[in-house]
Amino acid sequence: MCTLIHMNDEMRERLRRTRRVTTPWSDDGQRGISGTRLDELLERWADGYDWAVHERRIGELPWVSVPAGDTDLRVIHQRSADPCAPVVVLLHGWPDSVLRFERVLPLLADTHVVVPALPGFPFAAPLTAPGMSVNRIAGIVAHALDNLGYSRYTVSGGDVGGTVAEILAAEHPDRVASLHLTNIAPLRALTADPAKLAPDAAAYLHRSAQWFRTEGGYIAEQSTRPNTLAVALGDSPAGLAAWIVEKLESWSDGSAFTPDELLTWVTAYWVTGTIGTSFATYAEPVTLPDRIDTPTLLSVFPRDIKPEPRSYAEAFLNVCDYVEHPAGGHFAAWEQPVAYADDVHRAVELGG
């Protein structure tokens, strides 16, 4: 069972005493979360939102703590009734947690499912030392899966989790039967040579660079000044909500979250005190393999932040299936759980 920390009266008092900050653009959603939207959420969070209900639901998930070298990895371990069922590993990203996959779990009952709380993120074992890169996380996940008795599995993920999945497949090709990704490791766009890519893949690099210029400020801050940002967000629930909700709403397709769902995803960071440690995967160096031969299915959702063309993915991955969906965004497992689960099943089939 994962031990969760109760939201207490002290946090509600902080919310009620929030110092409202206005700018000349307070109601311009293109400049970040609007003041009106934030006020609505903070009022609900302080008076009416019941974290205890969500805490109980999360705590009732099949949590286990698995030894993984010099640490423990907390995972949701949902076993299939069929002991010979295939194994699926679901890897979340930022700014979310294992909650990204809540709606998918019932749809994968025919598989053994492992959902790690990635080190540094909500519900994970406390992170107290530097060095928790995506490369190290991939090793921890592999070690934990070995201790669970799983020697062959399909890995599914996006965002940070997608990068971990790529590294896991490259370093353990004998274990990772297939990959299911919703995006390619973002760092590849910063190092790829346009001259070696197909025309539409080279054009994607231009679009990606434009996105980094206009939307990537959070990456620069989290990767270069994590200590400074951690103080601001870790001490202010209003600041934390503004930072996370902006991404949850702008990166998703339509009304993907109710107010209470947004607040639950934010509260997961607040009660576990993990916003600062979640920056580790941005701040620590990353080493990516040049190419991965594992059979891969890429799911493309139209409202994701930088959906890649097939030719671009094929420059780095063995893309055996490329599925374009009519709806969904960055948090596709939450937004479009049926489509996501269908693609996971297709990826399992790729692994034989």
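Data for the structure
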| read-out | value |
| --- | --- |
| Residue within the range 12-19 that is under 28 Å from ALA117 (Cβ atoms), β-branched (Val, Ile, Thr) and modelled with pLDDT under 95 present | no |
| Filtered residue count, the range 284-308, keeping only those that are crowded, with 16+ Cβ neighbours inside 10 Å, closer than 25 Å to GLN210 by Cα and out of contact with any Gly (no Cβ under 6 Å at 6 or more places or on another chain) | 9 |
| Flag if ALA230 is more than 23 Å from ASN135 (Cα to Cα) and surrounded by 14 or more Cβ atoms within 10 Å (Cβ to Cβ) | no |
| Helices (runs of 4 or more DSSP H) fully within the range 131-200 counting 1 or more residues that are open to solvent by 50 Å² or more (accessible area, probe 1.4 Å) and not acidic (Asp, Glu) | 134-147, 188-191 |
| Cβ-Cβ under 7 Å pairs, at least 6 apart or on other chains, the range 317-338 side outside any loop (DSSP other than H, G, I, E, B), far side open to solvent by 30 Å² or more (accessible area, probe 1.4 Å) and aliphatic (A, V, I, L, M) | CYS320/LEU350; ASP321/LEU350; PRO337/LEU107; VAL338/LEU107 |
| Members of the range 245-283 found to be in a loop (DSSP other than H, G, I, E, B) and either open to solvent by 50 Å² or more (accessible area, probe 1.4 Å) or touching a helix residue (DSSP H, G or I) at 6+ places or on another chain (Cβ under 9 Å) (or both), listed by number | SER252, ASP253, GLY254, SER255, ALA256, PHE257, THR258, GLY273, THR274, ILE275, GLY276 |
| Test for ALA117: is it touching a Lys or Arg at 6+ places or on another chain (Cβ under 8 Å), closer than 22 Å to VAL344 by Cα and surrounded by 15 or more Cβ atoms within 10 Å (Cβ to Cβ) | yes |
| In the range 77-114, the residues that are among the β-branched types (Val, Ile, Thr) and farther than 24 Å from VAL245 by Cβ | VAL87, VAL88, VAL89, THR111, VAL113, VAL114 |
| Total residues in the range 27-60, condition part of a loop (DSSP other than H, G, I, E, B) and open to solvent by less than 30 Å² (accessible area, probe 1.4 Å) | 3 |
| Test: ASP290 is acidic (Asp, Glu), under 23 Å from PHE121 (Cβ atoms) and touching a Phe, Trp or Tyr at 6+ places or on another chain (Cβ under 9 Å) | no |
| Of all residues in the range 312-336 being of a type outside the set (D, E, K, R), open to solvent by 30 Å² or more (accessible area, probe 1.4 Å) and out of contact with any Phe, Trp or Tyr (no Cβ under 8 Å at 6 or more places or on another chain), the one that is farthest from PRO186 (Cα to Cα) | PRO326 |
| Enumeration of residues in the range 251-263 that are on the phi < 0 side of the Ramachandran plot and either hydrophobic (A, V, I, L, M, F, W, C) or more than 15 Å from the chain's Cα centre (by Cα) (or both) | TRP251, ASP253, SER255, ALA256, PHE257, THR258, PRO259, ASP260, GLU261, LEU262, LEU263 |
| Sole residue being open to solvent by less than 30 Å² (accessible area, probe 1.4 Å), part of a strand (DSSP E or B) and closer than 28 Å to ALA339 by Cα, chosen from VAL66, VAL88 | VAL88 |
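The values are calculated or read from the model by the stated rules, or taken from the named source; none is laboratory data. Quantities reported herein were computed from a predicted structural model and do not represent experimental measurements. Quick reminder, even Gly has a Cβ in these numbers, built from the backbone with ideal geometry, and neighbours come from all protein chains shown. When the accessible area is computed, the model is the full protein with side chains, heavy atoms only, and any ligands, DNA or RNA have been set aside. Shrake-Rupley method; radii C 1.70, N 1.55, O 1.52, S 1.80 Å.
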